[in-house]
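Note sheet for the following structure.
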Amino acid sequence: MLILVNNVGSTSLKFKLYSMPEEKVLCESKIERIGSEKGSYLFQNCLSLYKNSIPNIPIESYSKGIDLFLANLTDKENGVIDSVNQIDGLGFKTVISKGYDGTVLLTDDVMQGMKDYLFIAPIHNKAYIDAIEQFKLILPNIPMIGVFETSFHQTIPLENKLYSLPYEWYQEYGIARKGYHGASFSYVAKQARKDNDYKYIIGCHLGGSSSICAIKDGKSFDSSFGFSLQTGLPHANRSGDADSYIVPFLQNEGLSWQEIRQGLDNRGGMLGISGVSNDFIEIQQAIEVGNERAKLAVDVFVVSIVRYIGAFSAEMGGLDKIVFTGGIGENSAMIRKKVCDKLEHLSVKLDNF
Ligand code: ADP
């Protein structure tokens, strides 16, 4: 059985084709900086070790990325299958759907639930809806499964997820912290506790979207993400935590809701502070040539991470292990060091291997 797993990030697209039940990866592909002039594309045939790596290619949309990958996947010479019709099922790391959670078949109702929550997950749900609809056109008869990011966070206690807002807003509209990046953190919880039953783990998923998760006894205990994906740490383009009264204040100053939303969704985050880029590698490059605002963006990012680690270790009553994931967390030794250096008072020591 061939299963294609799709990870549609806020700035990236990643694919892996698995042969089941042996869980053998036949090929993988990674497309980064979608929408930028300087996108990158990588396809790797895990059977023949053929690699197609294009470091500088403008990939203007998710649908262009999918087309590129499918062409490589079915390429006569270097692909791994002859036709997309050989795929038996598709899996998506979906974000949020009104009324649905966990692992579900992507029926019309589930897709409608994703559309209903476009307002709180505009970038992520839009990208997934577009990608899934494109695949449904190409492969109309194969099952497509969504694993929703919110399900790992069902265990967050009510006192950790409730805002101090009118209680009926929680009852009527479900306004409470939801938590996202559940697939990543459930994997962190499993892997980090493989050899040792660590009670208190903090996961730092740092990428185009970033969040911190407190994992107590292997279960989600708190998340820096709130009701929407707009909260917590600074993201690539999105603001992260911002006082809710900033919005009515700016409206009163004469900015339209569209202008404010643009600022929160597209012109905020690491791009907003640095003024250079939403991409961490480009921000690092700007720091190397002395750009002060790029340095400031990284400093704000680090302080935000440290703030949540401090708060969550206090909330859990301990800290045994910090785990870094996501494009930045996995690859930037600089960020890991900056964060750990600020946590010496919690006896955090960086393993310099
Ligand atoms: P998404 O949330 O879109 O899935 P990723 O988890 O793929 O994003 O992370 C993308 C981010 O990771 C980008 O800002 C990119 O610059 C950064 N990144 C990737 N590789 C490196 C690296 N070697 N060093 C520092 N940052 C990196």
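The values are calculated or read from the model by the stated rules, or taken from the named source; none is laboratory data. From a predicted model like this one, the values you see are computed outputs, not experimental measurements. Note that each Cβ is placed from the backbone with ideal geometry, even for glycine, and that neighbours are counted across all protein chains shown.
Figures for the structure shown
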quantity	calculated
Test: residue in the stretch 157-176 that is more than 19 Å from Gly310 (Cβ to Cβ), surrounded by fewer than 24 Cβ atoms within 10 Å (Cβ to Cβ) and within 16 Å of the ligand (Cβ to nearest atom)	no
Any chance Val110 is under 30 Å from Gly174 (Cα atoms), more than 16 Å from the ligand (Cβ to nearest atom) and part of a strand (DSSP E or B)	no
Yes/no for His181 being touching a residue at least 40 places away in the same chain (Cβ under 8 Å) and at positive phi	yes
Filtered residues of the stretch 63-93 (kept if within 27 Å of Ser184 (Cβ to Cβ), among the charged types (D, E, K, R) and assigned to a loop (DSSP other than H, G, I, E, B))	Asp88, Lys93
Failed item in (1) more than 15 Å from Phe152 (Cα to Cα); (2) free of Cβ contacts under 8 Å to residues at least 40 places away in the same chain; (3) in contact with a Gly (Cβ under 9 Å, 6 or more places away or on another chain), with Ser210 passing the rest	(2)
Failed condition for Lys337, given (1) modelled with pLDDT under 95; (2) within 14 Å of the ligand (Cβ to nearest atom); (3) among the charged types (D, E, K, R)	(1)
Residues within the stretch 213-226 that are more than 13 Å from His181 (Cα to Cα) and part of a loop (DSSP other than H, G, I, E, B), tallied	2
Residue list for the stretch 235-249, filter: free of Cβ contacts under 8 Å to residues at least 12 places away in the same chain and of a type in the set (A, V, I, L, M, F, W, C)	Ile246, Phe249
Residue under evaluation Asp279, criteria (1) within 16 Å of the ligand (Cβ to nearest atom); (2) surrounded by fewer than 18 Cβ atoms within 10 Å (Cβ to Cβ), criterion not met	(2)
In the stretch 178-212, the residues that are within 12 Å of the ligand (Cβ to nearest atom) and either in a helix (DSSP H, G or I) or of a type in the set (A, V, I, L, M) (or both)	Ala183, Ser184, Leu206
Within the stretch 237-353, helices (runs of 4 or more DSSP H) holding 3 or more residues that are among the charged types (D, E, K, R) and more than 23 Å from the chain's Cα centre (by Cα)	292-316
Test for Leu90: is it under 22 Å from Thr11 (Cβ atoms) and either buried (at least 16 other Cβ atoms within 10 Å of the Cβ) or among the acidic types (Asp, Glu) (or both)	yes
Search result, residues across the stretch 113-154 that are among the polar types (S, T, N, Q) and surrounded by fewer than 15 Cβ atoms within 10 Å (Cβ to Cβ)	Asn141, Gln154
Number of positions in the stretch 205-221 that are under 18 Å from Arg307 (Cβ atoms) and surrounded by fewer than 24 Cβ atoms within 10 Å (Cβ to Cβ)	1
Residues satisfying the stated conditions in the stretch 42-62, i.e. touching a helix residue (DSSP H, G or I) at 6+ places or on another chain (Cβ under 8 Å) and either on the phi > 0 side of the Ramachandran plot or not in a loop (DSSP other than H, G, I, E, B) (or both)	Phe43, Asn52, Tyr62
